[in-house]
Structures are given as structure tokens and as C-alpha cells.
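The values are calculated or read from the model by the stated rules, or taken from the named source; none is laboratory data. What you see is a predicted model, and the numbers here were worked out from it, not measured in a lab. Neighbour counts run over all protein chains shown; Cβ positions are idealised from the backbone, glycine included. SASA here: full protein model, heavy atoms, side chains in, ligands and nucleic acids out. Shrake-Rupley method; radii C 1.70, N 1.55, O 1.52, S 1.80 Å.
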Amino acid sequence: MKILVFNCGSSSIKFKLFQMPEEMVLAEGALERVGNDDASATLKTPHGTIETKQAIADYPHGFAIIKNLLLDPNNGALTSLSEVSACGHRVVHGGDSFGGSMPIDDELEQGIEAVFELAPLHNPPNLTGIQQARAMFGDIPQMACFDTAFHQSIPEIAFRYALPEELYNDHKIRRYGFHGMSHQFVARQAARMLGKHKYSVNLITCHLGNGSSIAAIKDGHSIDTSMGLTPLEGLVMGTRSGDLDPGIIFYLHRKGYDTNSLDTLLNKKSGLLGISGSSNDVRDLELKADAGDDKAALALDIFAYRIKKYIGAYMAVLNRVDAIVFTGGIGENGVAMRSRVLADMDQQGIIIDDTRNVVHTGEPGEIQAATSRIKVMVIPTNEELAIARDTYAMTEKQPNKLPTL
Ligand code: ADP
């Protein structure tokens, strides 16, 4: 069965076509700079690559282009849209209504709209993508997979902020957490690699990319995570500050920063970019630090220090930790960063093996030393595959909704 997975952002639409349950990628494409004259569209299939530069006015136009790409007689992946049996959609915010992936209907669309305020940049394009796909593919099953859903198991002690209760009741202010599809994917994969049942592992999963978050996983369920009401809280990120004293915001406000400039400062100009003054990319910063750039070195040290602090906190919360898992662009490939994060933790039972660390660059495996009490794992994430799996599982449960081909 062919399952098409969409990840729709404010100016980009990414999509991947899977053959399930074989989990084979049949096509992979992206539209960038949607809404602009200099947009681009690409599709890669085993037959070849299509790359075009063209104006893409809006989402309906974008979806018409996706249809043409997929049906391209030379390098496309389909001869008819009816070959697609189901679609899966990444949805950033599910509020506190969705504790798992959900089949899409009109009511579910309203549920996504109901939390627009909590993710104003993400949920509206996610929903537009869903509507376009429903219009394009007709009555096939479509699944919404939420970044927040895996973290709905977090208990109140960890999801409530120390704020007056009415802010929680009236404004839904609480920790939601994000990157849930990734944390869940690597947690399940880790359980498999450790030869344990998925509900009997205790893990600390570190998703380190441009956006970064860390989760404490007890018996296979998320019980705490570093991102909060929004993806700004927690770890230092490429351009986001992560945790800071909220007093800084009042202080800057009194100095003349308005809401928009504070938003831009904390989301776009802080993190690795802000500290280094030069780049949000760990690879660049490592080169600069090696060449003697002190600010780049400091940015990397602060980034690693914050992760180490969270690992310590989550070790205390979990009591027993089977493994620390690294994923995301930095977690998977950042050999030096993994060493930096876990340096000097031998008294807590964590010792990395330098050779294994290098061997598992982008490759799944264990990188702890033989004497390490806690395992350390590298597991490449695959959020699209996680969505395809959930979507496939739904079609198994609802076979009567499948088109008769
Ligand atoms: P996104 O959150 O946008 O999906 P990624 O998960 O792709 O981001 O991660 C991007 C980050 O991964 C960048 O900071 C990049 O420097 C880092 N990265 C990629 N390869 C390496 C590497 N070999 N060593 C260190 N960092 C790397």
C-alpha cells in the first residue's frame, strides 16, 4: 500500500511517499518558498530527480505542482493518484485533546483549529495542507500525527507551571512538549535494540537539531520534556534561547523592546547564533572554534552544558536509566558534541567510548564504554516513517475505509 506523508510549514511543503508495510521510500519531494516568485519544487524518485524554479502562489497552487511531480511520466512515482491509499500529516500542536495520532474528519480539523493560538506559525499551514490533501485525494483515510501527542502522558507535577490556576484553566498554559514523533520513534527503536519491551524501558532521549528538546521516558511513556507551552523553552537551540529568567523579558521591555522584537530576539537571534555572533550551525562553529574563535567555542560549551544539566535532572526524576539516546542532526552526527555533553559523568555511571562514538556517526548503535553502567545510543530519527507507520496502523484498523483497487 502507498502512503503519502506531508509536513506542511508556512512556506514549505515536504512530502514522502512510502510503500507500506515494507517501509520503502518511493519518492521524496519539497516545495520551498511557497508564496514567492522564486519558489522551487523538487522530487526525487529511483527514476531520477526533477528540480524546478517557479512562482508558487499559494497552497492550492503548491498541491497542483505536487500532483504533477508525482504523476510525471519520466521521473514521477505514480501513474494515478488513486494508487495512494492513505495520507499522514505532521501537525505541530494538538493541545491537550490528542494523546495519539488521529484519523482526520471535519471534527478533527476543528480540533486543530481550536489550538491555532498555541501554534500560530505552524497549525494554520498544517491544517491548510490537510484540507488540500483531502480535496486532492478524495475519500481516502488521512491521519493527523501530533508533535505534542507523545508528551500527553506527562503528569501534572511536570506539565503545570507555578502560575495561578486560572491561567491553566482559562488559557491552557501548561507544558505540552514537541518533537513527540521523534522521541517516540527513537524510544521504540531503542527498546528494540536493547531487546526490551517498549513499555519497560527508561530512557533520556536527546533530539538535537536546529530545534532541540530532551525527554524523560519511563516505562516507554514520556514523563517530562524540556519544551513547554511553545518550542522556545529548554535547551539552547540554533537560534532560540531556551530557558532564561522571565525577568529578562520585563527588563528588556522596560528598555524599549516590544512584543515582536522580543519574539524575534528569543526565537531567531539567540541560541548558538546569538552567543557566537556568527552561526547557528554546529559544524561551522566547530570549525571556527578549532581556528581559535572563542565565541564559537563558548556557544558550543553553553549548548552542551544545558543538555548535561537536563540529563542530570532527568536521571534524578527517572531513578533508573537504561540508556541515553542521541538523535537529530547534531545528536546523530555530532561526535564532538556527544563527548562534550557526557564528559565527566563517570561517577554517575556514564562513560563514552571514543572509538565507538566515531564509528556511530549517523549510524545506529551503542557508544558507551564497557565499564559504563548506563548505555549511550545513537539512533537516527525518522519522523516521516513514524507518521507512515501510524497511518498504516490506522488503515489496518479501518479496512472498510480503504479504496477498492
Ligand atoms: P532540523 O531541526 O532543522 O531538522 P537537523 O536535525 O537537520 O535540523 O540538525 C541540524 C543541525 O545538525 C545543524 O546544527 C548541523 O550543524 C548539525 N549537524 C549536521 N551534521 C553534523 C555533524 N557532522 N557534526 C555536527 N553537527 C552536525
With only helices counted (DSSP H, runs n ≥ 4, each -39500 (n - 2.57)), the per-residue ellipticity at 222 nm for the chain, to the nearest 500, works out to -11500 deg cm²/dmol
Dipole of segment 113-216 (Lys/Arg Cβ +1, Asp/Glu Cβ -1, origin at the Cα centre): which of Ala190, Asn210, Phe116 lies farthest to the positive side? Ala190
I need to check one value: relative contact order of segment 295-361, counting alpha carbon pairs closer than 8 Å and at least 6 residues apart, in percent. 30
What translational D, rounded to a whole number of µm²/s, comes out for the chain from Stokes-Einstein when the hydrodynamic radius is the Kirkwood one over Cα pairs, at 37 °C and 0.692 mPa s? 147
Using alpha carbon centers only, segment 49-99 is separated from segment 226-299 by a whole-angstrom value of 34
If you put +1 on each Lys and Arg Cβ and -1 on each Asp and Glu Cβ, how big is the dipole of segment 193-327 around its Cα centre, in Debye rounded to 20? 260
Anyone know which of Gln54, Gln368, Gln131 comes out most mobile in the 10 Å Cα GNM of the chain? Gln54
On the protein heavy atoms, probe 1.4 angstrom, tell me the percent of accessible surface of segment 8-153 carried by carbon and sulfur. 47
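Loop by DSSP (not H, G, I, E, B), at most 12 other beta-carbon atoms within 10 Å: where is the longest site-free stretch of the chain for trypsin sites (Lys or Arg not before Pro)? Can you show the working numbers first?
Numbers: sites that count: Lys255, Arg320, Arg373.
Result, exposed sites excluded: 1-254.
From Cα pairs below 8 angstrom and at least 6 apart in sequence, can you work out the relative contact order of the chain, rounded to a whole percent? Could you put the intermediate results ahead of the total?
Values: 849 pairs, mean separation 55.1, N = 405.
Answer for the chain is 14 percent.
I need the calculated FRET efficiency for the pair Asp284 and Asp170, taking r as the beta carbon distance and R₀ as 30 Å, to the nearest 0.05. Working shown, then result.
Values: r = 44 Å, r/R0 = 1.47.
Efficiency, rounded to the nearest 0.05: 0.10.
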Per 10 Å bin, what is the whole-percent P(r) computed from every C-alpha pair distance within segment 44-182? 11, 33, 30, 17, 8, 2, 0
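Per residue, how many Å² of accessible area does the chain show with a 1.4 Å probe?
46
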What are the DSSP H helices in the chain that stretch 18 Å or more along their long axis, judged by alpha-carbon atoms, and whose average Kyte-Doolittle hydropathy comes to at least -0.5? 123-137, 180-194, 294-318
Have a look at Ala296, Ala216, Ala39 and tell me which one the Gaussian network model of the chain (Cα, springs below 10 Å) gives the largest fluctuation. Ala39
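Using the Cα centre as the reference, give the magnitude of the dipole from point charges on the C-beta atoms of the chain (Lys, Arg: +1; Asp, Glu: -1; all else neutral), rounded to the nearest 20 debye. Please report the intermediate quantities before stating the final value.
Details: 38 positive and 49 negative charges, 135 e Å.
Approximately 640 debye in magnitude.
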